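The values are calculated or read from the model by the stated rules, or taken from the named source; none is laboratory data. Here the structure is a predicted model, which is why all the values come from computation and not from measurement. Here the Cβ positions follow ideal geometry from the backbone for every residue, glycine too, while neighbour counts run over all protein chains shown.
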Amino acid sequence: MIKILLELIFWISILLVVYTYVGYGILVWFLIKIRKIFGIEYLQKFDSSFEPNITLVVPAYNERAFVESKLKNSFGSDYPADKLEVLFVTEGSNDGTTEFLETQKSLYPNLRIMGGSERRGKIEAMNMAVPTIKTPVVIFTDANTTLNKDALKNIVRHFNDPKVGAVAGEKRIQTNENEAAAGAGEGLYWKYESFLKKLDTKLYSVVGAAGELFAVRTHLFGHVEKDTLLDDFVISLRIAAEGYRVIYEPEAYAIERPSFSIGDEKKRKVRIAAGGFQAIARLSYLWNIFKYGWLSFQYVSHRAMRWAVAPFCLPLIFAANIGLLLVKEGMEHYDMVFYNTAMVAQVIFYAMAFLGYKLENMQIRVKALFVPFYFSFMNWCAIQGYFRYKKGLSSGIWEKVKRAE
């Protein structure tokens with residue numbers, strides 16, 4: 001009986017992990033092919049003359065080190081200057097961010113600034129900014145990122161389709177050859193995420209957007225709770241729940257440097273995971289596949305399982321494997337060989353992850369260790385994020401994470 005229970009835990013956990021990280025992408029790829037055979041696919045038709053007025057919103061609390069380059073980058077876009085407004089929300093900044101931007105108004109007539117006396121957080125900055133916006137499309141971007149020259153055009157063109165409610169740009173991590181494992185692993189992760197988002201768009205809709213660059217129809221932006229951690233995720237999913245598609249546009253990208261260290265990346269990952277559990281609670285209605293169809297399938301498979309299922313399955317696999325090696329009764333020789341091999345494989349994988357962590361602290365980077373390290377690190381952060389969420393989240397204000405130079 002114990003053997004059967006342990007085997008169920010072992011195999012079900014493995015299947016859930018494999019489905020979450022590999023199987024979902026394969027399944028979506030096949031579904032897209034099948035739908036295409038039956039003539040069911042989303043065709044993108046762009047009209048080059050479609051250039052509505054837009055507002056680029058940049059939350060910029062104490063971003064004096066970045067606002068000058070961000071200002072030039074924003075107005076350096078190839079989007080028609082007379083149709084572009086750039087709004088910096090500097091709420092509570094005390095490092096000269098607001099003062100510098102004020103001096104630039106004569107150079108950039110379409111520059112607008114919203115200040116304030118206290119820091120309320122990024123989501124409150126967005127909540128304050130959107131009601132003042134008169135353009136039909138609003139684009140959000142972070143102050144410490146650089147957009148490609150045609151990013152705005154490439155994002156906006158999708159809104160010519162009335163069924164599109166939001167567009168997610170791509171996040172690109174700029175890493176160097178000698179970059180920390182945290183940065184290199186983060187870069188690999190986002191490349192894989194970009195691949196999945198392309199599939200999601202072809203099937204139906206992207207489930208979530210990267211806060212570094214995403215756009216929405218202004219009238220669809222609803223007030224978001226001020227303690228929300230993943231504003232980009234919640235905003236885009238709520239729009240999708242209203243029946244609109246969220247499109248992924250890889251040719252509109254925001255470039256940023258990776259986290260400075262493992263410690264900085266860990267803070268960010270744990271907070272994202274805590275925000276993920278918060279979002280799962282607030283978006284619980286999306287589990288209703290009878291109402292939301294493809295959106296529910298994509299949301300649960302691509303996001304909810306990534307945060308709430310797979311990370312907890314990994315220690316279960318390890319523990320069940322140990323249990324199966326200790327249970328001798330009813331075990332055939334080939335069973336013992338298999339479970340011994342499985343245990344050795346896990347020990348080697350986690351040893352590589354631990355070695356990657358230790359070497360990273362010694363400023364020694366081995367590329368072969370990046371994947372096992374970052375995979376283990378990411379899932380460990382998700383587990384910690386769960387416990388942080390259970391302790392209670394009092395604020396939606398992010399602690400700034402130091403980025404590599």
Problem - Flag for Ile133 being of a type in the set (A, V, I, L, M, F, W, C), within 26 Å of His223 (Cβ to Cβ) and more than 22 Å from the chain's Cα centre (by Cα) - result: yes
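Please verify whether the range 53-63 includes one or more residues that are loosely packed, with under 13 Cβ neighbours inside 10 Å, out of contact with any Pro (no Cβ under 6 Å at 6 or more places or on another chain) and modelled with pLDDT under 95. Break it down stepwise before answering.
Here is the first cut: in the range 53-63, the residues loosely packed, with under 13 Cβ neighbours inside 10 Å are none.
No, there is no match, as no residue in the range 53-63 is loosely packed, with under 13 Cβ neighbours inside 10 Å, out of contact with any Pro (no Cβ under 6 Å at 6 or more places or on another chain) and modelled with pLDDT under 95.
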Fill in the blank from the handout: Checked the range 320-358 for anything touching a helix residue (DSSP H, G or I) at 6+ places or on another chain (Cβ under 7 Å) and over 24 Å from Ile12 (Cβ atoms); matches are Met352, Leu355, Gly356, Tyr357
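Are any residues in the range 113-155 acidic (Asp, Glu) and either surrounded by fewer than 19 Cβ atoms within 10 Å (Cβ to Cβ) or over 19 Å from Leu101 (Cα atoms) (or both), and if so, which ones?
Within the range 113-155, the first condition is being acidic (Asp, Glu), and the residues that meet it are 118, 124, 142, 150.
Within the range 113-155, Glu118, Glu124, Asp150 meet the criteria.
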Problem - Per-region count, the range 78-121, residues touching a Lys or Arg at 6+ places or on another chain (Cβ under 6 Å) and of a type in the set (S, T, N, Q) - result: 1
Completion exercise
Scanning the range 208-222 for residues that are at pLDDT 90 or above and not aliphatic (A, V, I, L, M) gives Glu212, Phe214, Arg217, Thr218, His219, Phe221, Gly222
Fill in the blank from the handout: Of the residues in the range 67-88, those that are part of a strand (DSSP E or B) and over 13 Å from Asp142 (Cα atoms) come to Leu84, Glu85
Practice task
Just give me the residues in the range 28-43 being assigned to a helix (DSSP H, G or I), hydrophobic (A, V, I, L, M, F, W, C) and free of Cβ contacts under 8 Å to residues at least 24 places away in the same chain, in sequence order.
Solution key: Phe30, Ile34, Ile37
Completion exercise
For the range 351-374, the count of residues that are out of contact with any Gly (no Cβ under 8 Å at 6 or more places or on another chain) and under 16 Å from Trp190 (Cα atoms) equals 0
Practice task
Considering (1) under 14 Å from Leu152 (Cβ atoms); (2) touching a Lys or Arg at 6+ places or on another chain (Cβ under 8 Å), say which one Phe75 fails and leave the rest.
Solution key: (2)
Practice task
Looking at (1) farther than 23 Å from His219 by Cα; (2) among the polar types (S, T, N, Q); (3) buried (at least 16 other Cβ atoms within 10 Å of the Cβ); (4) free of Cβ contacts under 8 Å to residues at least 60 places away in the same chain, find the lone condition where Ser106 falls short.
Solution key: (3)
Completion exercise
For helices (runs of 4 or more DSSP H) lying entirely in the range 268-378, having 2 or more residues that are of a type outside the set (Lys, Arg) and without any contact (Cβ under 8 Å) to a residue 40 or more places away in the chain picks out 289-292, 294-298, 310-326, 333-361
Practice task
Of the conditions (1) at pLDDT below 95; (2) not in a helix (DSSP H, G or I), Glu265 clears all except one; give me its number.
Solution key: (2)
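Quick check on the range 182-207: of everything there that is farther than 23 Å from Glu41 by Cα and small (Gly, Ala, Ser), which residue is modelled with the highest pLDDT?
The initial filter retains those residues of the range 182-207 that are farther than 23 Å from Glu41 by Cα, namely 182-191.
Filter once more, keeping what is small (Gly, Ala, Ser): 182-185, 187.
Numbers: Ala182: 53, Gly183: 53, Ala184: 57, Gly185: 58, Gly187: 63.
Once the filter is applied, the top-ranked residue is Gly187.
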Fill in the blank from the handout: Note on Ile383: of the conditions (1) surrounded by fewer than 18 Cβ atoms within 10 Å (Cβ to Cβ); (2) of a type outside the set (Phe, Trp, Tyr); (3) without any contact (Cβ under 8 Å) to a residue 60 or more places away in the chain; (4) assigned to a helix (DSSP H, G or I), unmet is (3)
